[in-house]
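**Student:** Just dropping this structure here.
Each reported figure results from applying straightforward, stated rules to the coordinates on display, with no laboratory input. Note that the structure is predicted; figures quoted are calculated from it, not measured. Neighbour counts run over all protein chains shown; Cβ positions are idealised from the backbone, glycine included.
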2 protein chains.
Amino acid sequence: MISMRSKYALKALGYMSRTSEKESFLIADIAQTEGIPKKFLEAILLTLKNNGILSSRKGPGGGYSLAKAPAQVTIGAVVRAFEGDLAPVQCLSESASASCPECADEDTCGIKLVMADAGNAFASVLDSVTLADMLQRSEFERQRRQQVVDFTI
Amino acid sequence: MISMRSKYALKALGYMSRTSEKESFLIADIAQTEGIPKKFLEAILLTLKNNGILSSRKGPGGGYSLAKAPAQVTIGAVVRAFEGDLAPVQCLSESASASCPECADEDTCGIKLVMADAGNAFASVLDSVTLADMLQRSEFERQRRQQVVDFTI
DNA sequence: TGAGAAGTCTACAATAAATATAGACAAAGC
DNA sequence: GCTTTGTCTATATTTATTGTAGACTTCTCA
């Protein structure tokens with residue numbers, strides 16, 4: 001289960017990608033449009049900036065903007081900014097205190113081997129989809145459903 | 001990230017599957033062998049029983065035993081007993097209050113569509129591996145490493 | 001038939017983490 | 001130098017996880 005942080009980040013980035021006529025976005029604007037607590041979003045956008053996904057300018061006329069094209073930002077990169085590596089068990093995490101203390105032999109632990117496969121499968125999907133793909137997919141789905149409605153009415 | 005509950009459950013089941021000469025296991029025995037807090041394990045085994053993975057008998061000579069052969073129990077079934085459905089976002093969860101309140105149009109939400117793919121990829125792996133597979137995999141890895149050691153010495 | 005062995009249940013304590021908020025601060029533009 | 005806007009630090013709130021305590025039930029076997 002990914003955190004609200006990641007979800008809010010994806011919502012904010014989706015909004016920014018979708019609204020290409022604007023080139024700069026105020027925190028307050030994004031927060032209100034996407035229904036995200038403003039102060040919370042503030043920290044989220046900062047994290048995205050520190051991960052090279054957003055850039056910012058202070059002062060009047062300032063705000064946040066995408067540092068890369070939506071087709072250059074994978075969902076995996078966004079989620080990883082908040083969830084760390086996407087390891088399903090701690091002993092698979094590169095960062096911090098990785099090993100599980102109670103594991104007799106970590107190298108041959110079956111749980112670890114299986115979870116590595118599952119985690120890789122999960123991460124592969126997120127790494128293969130960009131913000132642009134996500135929007136396109138959503139739009140495609142919208143039109144598909146629209147057509148179904150048209151036919152049934 | 002899966003919870004300790006799931007990990008402890010897999011460790012306990014791994015031990016029970018591996019130790020086929022015993023047919024009944026005491027909570028205290030499993031707890032000590034696998035280094036799991038006894039009282040915590042107690043609740044975990046009960047959950048596994050309620051999910052049809054274990055059976056139990058009270059009284060002297062009693063204890064827990066596997067309700068199915070290790071090859072009949074998938075890792076997915078075990079993990080699901082503790083993590084519910086393996087949905088990476090709440091709005092994909094069948095159980096409980098599923099929908100995300102702030103989502104404008106859940107049907108066409110790109111985040112949901114992408115996460116559904118990722119979650120399915122994750123679950124597919126766990127559903128395709130049984131306890132027996134997990135043990136075999138671990139044993140295979142142990143022998144592989146053993147050989148490497150033999151060659152290098 | 002009753003003593004002891006084992007699982008079952010309820011309640012709760014102790015952390016830890018996620019979520020969210022407040023308010024001071026810094027930089028940029030006019 | 002005033003306003004706008006992002007940045008930072010600290011902290012509150014809530015929720016979930018992890019773990020513990022103790023009473024209770026069921027079973028077996030002497």
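**Student:** Any idea what angle helix A:110-127 forms with the longest principal axis of chain A, computed on alpha-carbon atoms, 0 to 90 degrees, nearest 10?
**Tutor:** Tilt relative to chain A: about 20 degrees.
**Student:** Could you work out how far helix A:131-152 tilts from the main Cα principal axis of chain A, as a 0 to 90 degree angle to the nearest 10?
**Tutor:** Helix A:131-152 sits at roughly 70 degrees to that axis.
**Student:** Across peptide B:119-125, what mean number of C-beta atoms from other chains lies inside 10 Å of a residue's C-beta?
**Tutor:** That works out to 6 on average.
**Student:** Moving on. Which of the peptides B:19-26, A:72-79 is most tightly packed, and how do the rest follow, judged by the mean count of other Cβ atoms within 10 Å per residue?
**Tutor:** Highest to lowest by the protection proxy: A:72-79, B:19-26.
**Student:** Rg and Dmax of segment B:1-73 over Cα atoms: what are they, in angstrom?
**Tutor:** In order Rg, Dmax, the Cα atoms of segment B:1-73 give 11.3, 38 Å.
**Student:** Could you give the alpha-carbon Rg of the protein assembly as shown over 2.2 N^0.38 Å, rounded to two decimals?
**Tutor:** This ratio for the protein assembly as shown stands at 1.21.
**Student:** Right, next: Placing the label point 7 Å from Cα along the Cα-to-Cβ direction, what are the distances from A:Gly62 to the equivalent spots in the other copies, shortest first, in nm to one decimal?
**Tutor:** 6.8
**Student:** Please compute, for peptide B:24-35, the average count of beta-carbon atoms on other protein chains lying within 10 Å of each residue's beta-carbon.
**Tutor:** Neighbouring Cβ atoms belonging to other protein chains average 1 per residue here.
**Student:** Give the nm distances, rounded to one decimal, from A:Glu106 to the matching residue in every other copy, measuring between label points 7 Å along Cα toward the beta carbon; shortest first.
**Tutor:** When each copy's label point is compared with this one, the spacings are 4.0 nm.
**Student:** Would you mind estimating how fast chain A diffuses translationally, via Stokes-Einstein at 4 °C and 1.567 mPa s with the Kirkwood radius over Cα pairs, in µm²/s?
**Tutor:** D = 74 µm²/s.
**Student:** When each copy gets a label point 7 Å from Cα toward the beta-carbon at A:Thr33, what are the spacings between them in nm, shortest first?
**Tutor:** Result for A:Thr33, in nm, nearest copy first: 5.9.
**Student:** While we're on this one: So how tilted is helix A:4-18 from the main axis of chain A? Cα-based, degrees 0 to 90, rounded to 10.
**Tutor:** On a 0 to 90 degree scale, this one is about 40.
**Student:** Suppose the chain between B:Glu106 and B:Leu46 were pulled fully straight at 0.36 nm per residue; how much longer would it get relative to their current alpha carbon spacing?
**Tutor:** Using 0.36 nm per residue and subtracting the Cα-Cα distance, I get 18.0 nm.
**Student:** While we're looking at this one, here's another question. Which peptide among B:113-121, B:28-36 comes first, and what is the full order, when sorted by highest mean count of other Cβ atoms within 10 Å?
**Tutor:** Descending mean neighbour count gives B:113-121, B:28-36.
**Student:** Under the rule of -39500 (n - 2.57) per DSSP H run of 4 or more residues, summed and divided by the residues of chain A, what mean residue ellipticity at 222 nm is obtained, to the nearest 500 deg cm²/dmol?
**Tutor:** It comes out at -18000 deg cm²/dmol, rounded to the nearest 500.
**Student:** What aspartates and glutamates does B:Lys58 reach when the alpha-carbon gap must be under 18 Å and sequence neighbours fewer than 8 apart in one chain are set aside?
**Tutor:** Cα-Cα hits under 18 Å: B:Glu23, B:Asp29, B:Glu42.
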